[in-house]
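The values are calculated or read from the model by the stated rules, or taken from the named source; none is laboratory data. The structure presented is a predicted model; accordingly, all values stated were derived computationally and were not measured. Neighbour counts are summed over all protein chains in view; Cβ atoms, including those assigned to glycine, are modelled from backbone coordinates with ideal geometry. Accessible surface is based on the protein model in full, side chains and every heavy atom, while ligands, DNA and RNA are left aside. Shrake-Rupley method; radii C 1.70, N 1.55, O 1.52, S 1.80 Å.
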Amino acid sequence: MKTLGEFIIENQNQFEYSTGELSKLLNAIRLAAKSVNHEVNKAGLVDILGVTNKTNSSNEIQQKLDVFANEAFKNALINRNIICGFASEEEDSFIRVLDQNNKATNNYVVLVDPLDGSSNIDTNVSVGTIFSIYKRVTEKGTTVSEIDFLQKGGNQIAAGYILYGTSTMLVYTTGYGVNGFTLNPALGTFYLSHPNMKFPEKGHIYSINEGNYNHFPIGVKKFIKYCQEDKDQRPYSSRYIGSLVSDFHRNLIKGGVYLYPSTLKHPNGKLRLLYECNPIAFLSEQAGGTASNGTQRILDIEPKSLHQCEPFYCGTNEMVENIYDFLNE
Ligand code: AHG
Ligand code: MN
Ligand code: MN
């Protein structure tokens, strides 16, 4: 079976004028993923469970593993002189990265949700990491500015996630389909186990935190009732892990849809456009699925701020279209 390292090198020439910079970057992500995987696997044995006394920019209490994962990705990317900027769900602002000559000569900025599904850590349930890569829009050599990060998702050069599940997987796209790699923990090597991943044509799973039902838009309530009807191949199954990465991954393999609508507590939904919606939307479309905020394609949204949230409906085409129809009735 092909390794991730071999796959990255083989596909390097898909990029015009490729300098190998993106390959190096993907390799750094692979390394950080292994380090976080190692730490996640020790949870319960070492003092890594539980919360810190800090909150992130979305005012959520940071878990110890949130902080560890953030540092792991930040260090892997910044210390290797391969990016010019870094932004994270766990950082208030973006970070400018300079080379030895105090210039930002690299081309790419990386955005991450270092640990997705943090509330699952203490109970040994799957968590993930999400990453998103853009080419800077400001001039090479100058330090990056906010506009390099506030690009619409359609500009992404690559995006992916790592799922720390029953096995650890790295799934990513560079705009040429979606490929999944499984970590052999004994060797510390990722192998291409899921080439060219595609959503099944039909989906029978809906994933939503139904505890917020009373506060959902009427269209979402109607869709849930539709899923529960005794008709055709329904009722569908309800599955919700509470980690977007894990819920998306299951739906991608089995066919289904993930919903995080606006609620009373989160009027724009809870998911962050830059760190969660955009990368997952890119993967979704590359796997033949759809991602929408209910009125607009996610990848067309012009971001206004780093930590902006959007309602999120993503998965099997037919199901997302169905939600869209209910929402816009
Ligand atoms: P994070 O752990 O990075 O803050 O993300 C959690 C997100 C998403 O992954 C998950 O599906 C959703 O929040 C869960 O939210 P609820 O607990 O409100 O359902
Ligand atoms: Mn998240
Ligand atoms: Mn997170």
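For helix 21-42, what angle does its Cα long axis make with the longest principal axis of the chain, in degrees from 0 to 90 and rounded to 10? Long axis of 21-42 versus the principal axis of the chain: about 70 degrees.
Each of 28, 183, 100 was placed along the dipole of the chain (beta-carbon charges, centred on the mean Cα), and the one lying farthest toward the positive end is 183. The residues neighbouring residue 42, those whose beta-carbon lies less than 15 Å from its own, together hold a net charge of -1 under the Lys/Arg +1, Asp/Glu -1 convention.
Against the empirical 2.2 N^0.38 Å (N residues), segment 205-328 has a Cα radius of gyration ratio of 0.97. Ordering 182-189, 84-91, 69-76, 291-298 by mean Cβ neighbour count within 10 Å, with the highest value first, yields 84-91, 69-76, 291-298, 182-189.
What lysines does residue 222 reach when the alpha-carbon gap must be under 20 Å and sequence neighbours fewer than 8 apart in one chain are set aside? Cross-link targets: 202, 231. The GluC sites (Glu not before Pro) of segment 13-49 that DSSP puts in a loop, and whose beta carbon has at most 11 other beta carbons within 10 Å, are 16. Rounded to the nearest 10 degrees, the angle from helix 218-228 to the longest Cα principal axis of the chain is 70 degrees. Where does the chain land on the Kirkwood hydrodynamic radius, alpha-carbon pairs, in angstrom? By the Kirkwood definition, the hydrodynamic radius is 20.1 Å.
Taking packing as the residue-averaged number of other Cβ atoms within 10 angstrom, the listed peptides 134-145, 307-318, 167-178, 230-241 run from highest to lowest as 307-318, 167-178, 134-145, 230-241. On the full set of protein chains, 1.4 Å probe, figure out the accessible area of residue 64 and give it in Å² to the nearest 10. Rounded to the nearest 10, the figure is 60 Å².
By the rule of a C-alpha distance below 24 Å, with chain neighbours fewer than 8 residues away ignored, the lysines paired with residue 54 are 42, 64, 74, 265, 270.
Net charge dipole, the chain: roughly 300 debye, given to the nearest 20, about the Cα centre with Cβ charges of +1 for Lys and Arg and -1 for Asp and Glu.
In whole percent, how big is the carbon plus sulfur part of the accessible area of the chain, probe 1.4 Å, protein atoms only?
Ligands and nucleic acids excluded, carbon and sulfur reach 47 percent.
Averaging the sequence gap over all C-alpha pairs within less than 8 Å and six or more residues apart, then dividing by the number of residues, gives the chain a relative contact order of 15 percent.
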